[in-house]
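The values are calculated or read from the model by the stated rules, or taken from the named source; none is laboratory data. None of the values given here were measured: they were computed from a predicted structure. Here Cβ is always computed from backbone atoms with ideal geometry, including for glycine, and neighbour counts include all displayed protein chains. We work out accessible area using only protein heavy atoms, side chains counted, and drop any ligands, DNA or RNA first. Shrake-Rupley method; radii C 1.70, N 1.55, O 1.52, S 1.80 Å.
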Amino acid sequence: MNVDVLYQVNINGDVYETDKAAISGNELLLMAGKQPPGEFVIYLLLEDGDMESIRPTEMVDLQRTGIEKFRTFRADVLYRLEVNGKPREWGSDFITGRAIKRLIDGDEPEEVGIWQKTKSGEDKLIEDTDVVNLGCEGIEKFRVGAKYSICIEGKVFEWSKKTITTEEIIQLGGWDASQGAVEVDKDQNERPLASGEIIKLKPGHNFCKKQRFKRGFDENSRIGKELLLLQKSFTHVDYKEVKNLHWFKIENYPLPSPLSPEVISVVFSVTAGHPVPKPYGFYIPSGVKFGDRVFKLNNPQHPPPFEGSWRFASWDVENWRPGADVTTGDNLWGWARSFRNRLLEGE
């Protein structure tokens, strides 16, 4: 044996050495002790998770970078699995995600996902290079479908790529690009998406939470103009839309004496039909005082979508007369300024 040059191969997890730069399928089986010939077959494991059958006399080049990996199994043993409700047979006690895709016709492997049906009832995504043990009790069941699902304004779209851009979301949603797009997480927290932003998607299926998006904030809408007016008057104003309610949080809202502390955060909401009907009530943090006495206000039935401990203050406007232009007639800027009057009335 030429000990100056040795090549390594991995067969069934074990590493073997040879001085041959190219080796046949029969030689690999002999090296792994899989005899007699004809009763075993050997497969080359490819980097993408696929497998390539090696014929007995076929030569495999070992001079490529890295260690070639192989897997053997008996030629007379079959394992059964189920893909999309249809029975399939496989000659090994293991199978890769990529190999499962080869058992079906149609879609390109990169455009579909494989899910294994688990005992817990939840489907497990099987990547191309993942290995599934078929030797366990019972028949392993799999389904094939679009790899990613995204929810845009309540409608589910299947998506084949790992990423999606802001513009692609808008195109699927079917609205004007000037409105932008907003990402909504499972806790209803919203995040505006930047133009050209690339979002990495999480694998999902029909029974789990999906990546959710909706159209962005329209500065030319009535709510948009109300928000801009508030932001010109107060140092910091947050906005969220949750379940057809428009929520506003004003930070550093100044309080006159004898109210304390000197500044607080206030929160209020209006319905999707704003400016009709008129707004009602607002929220303040726990612990606001009138002189030495802490306000005893009710806990809110529907807490605001902002962190903190909030109390609800009833407040109404007798004559709510909004104008066609947000700067004329009643508006949310004037409504927010009136909160001081309500708090100066005490409990």
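Chymotrypsin sites (Phe, Trp or Tyr not before Pro) within segment 55-136: which are DSSP loop residues with at most 16 other Cβ atoms inside 10 Å?
none
Using a 1.4 angstrom probe on heavy atoms only, work out the carbon and sulfur share of the accessible area of segment 1-134 in %. Show your work: numbers first, answer last.
Values: 3580 of 7820 Å².
About 46 percent, which is the carbon plus sulfur part of the accessible surface.
Give me the lysines in straight-line cross-link reach of Lys86: C-alpha distance below 18 Å, same-chain residues under 8 apart excluded.
Answer for Lys86, where 18 Å is the Cα cut-off: Lys101, Lys117, Lys141, listed by chain and number.
Ordering Lys34, Lys289, Lys243 by how much accessible area each has at a 1.4 Å probe, largest first, what is the list?
Lys243, Lys289, Lys34
Would you kindly derive the ³J(HN,Hα) couplings of segment 70-85 from the backbone phi angles with the Karplus curve 6.51 cos²θ - 1.76 cosθ + 1.60 (θ = phi - 60°), listing them in order in whole Hz, with x for Gly and Pro?
10, 9, 10, 7, 5, 6, 9, 10, 10, 10, 9, 9, 10, 10, 6, x
Kindly work out what percent of the DSSP beta bridges joining two residues of the chain are antiparallel, to the nearest 5.
90 percent
Which of the listed residues, Pro303, Thr166, Gly97, is farthest toward the dipole's positive end in the chain, when Lys, Arg count +1 and Asp, Glu count -1 at the beta-carbon?
Toward the positive end, the furthest listed residue is Pro303.
Taking H as built 1.01 Å from N, whose amide H comes closer than 5 Å to the amide H of Leu62, not counting residues under 5 places away?
Answer set, sorted by chain and number: Ala22, Ile23.
With n ≥ 4 as the cut-off for DSSP H runs, can you work out [θ] at 222 nm for the chain, using -39500 (n - 2.57) per run divided by the number of residues, rounded to the nearest 500?
Numbers: 6 runs with 45 residues, N = 347.
Mean residue ellipticity, 222 nm, calculated: -3500 deg cm²/dmol.
Among Asn220, Asn319, Asn26, whose mean-square fluctuation peaks in a Gaussian network model of the chain (Cα, cutoff 10 Å)?
Asn319
Counting pairs of alpha carbon atoms under 8 Å apart in space and at least six apart in sequence, what relative contact order in percent does segment 62-159 give?
Taking the mean separation of contacting Cα pairs over the length of segment 62-159, I get 27 percent.
May I ask you to list the lysines whose Cα is less than 16 Å away from that of Lys214, ignoring any residue fewer than eight positions away on the same chain?
By straight Cα distance, Lys214 reaches Lys155, Lys186, Lys240, Lys243.
Which far-off residues, 5 or more places away or on another chain, put their amide H under 5 Å from the one on Asp330, with H placed in the peptide plane?
Under 5 Å from the amide H of Asp330 lie the amide H atoms of Arg321, Gly323, each far enough along the sequence or on another chain.
Between Glu68 and residues 5 or more places away or on another chain, which pairs have amide H atoms under 5 Å apart, with H built 1.01 Å from N, and which residues are they?
For Glu68, the qualifying residues are Asn10.
Suppose all protein chains stay in the model; what accessible area per residue would a 1.4 Å probe give for the chain, in Å²?
Here the residues of the chain average 57 Å² of exposed surface.
If you roll a 1.4 angstrom probe over the protein chains with everything in place, what fraction of the accessible area of segment 191-347 belongs to carbon and sulfur, to the nearest %? Display every interim value, and only then the final one.
Numbers: 4460 of 9040 Å².
Looking at segment 191-347 in its full context, I get 49 percent from C and S.
Using alpha carbons only, how many angstrom separate the centre of segment 157-178 from the centre of segment 297-327?
35 Å
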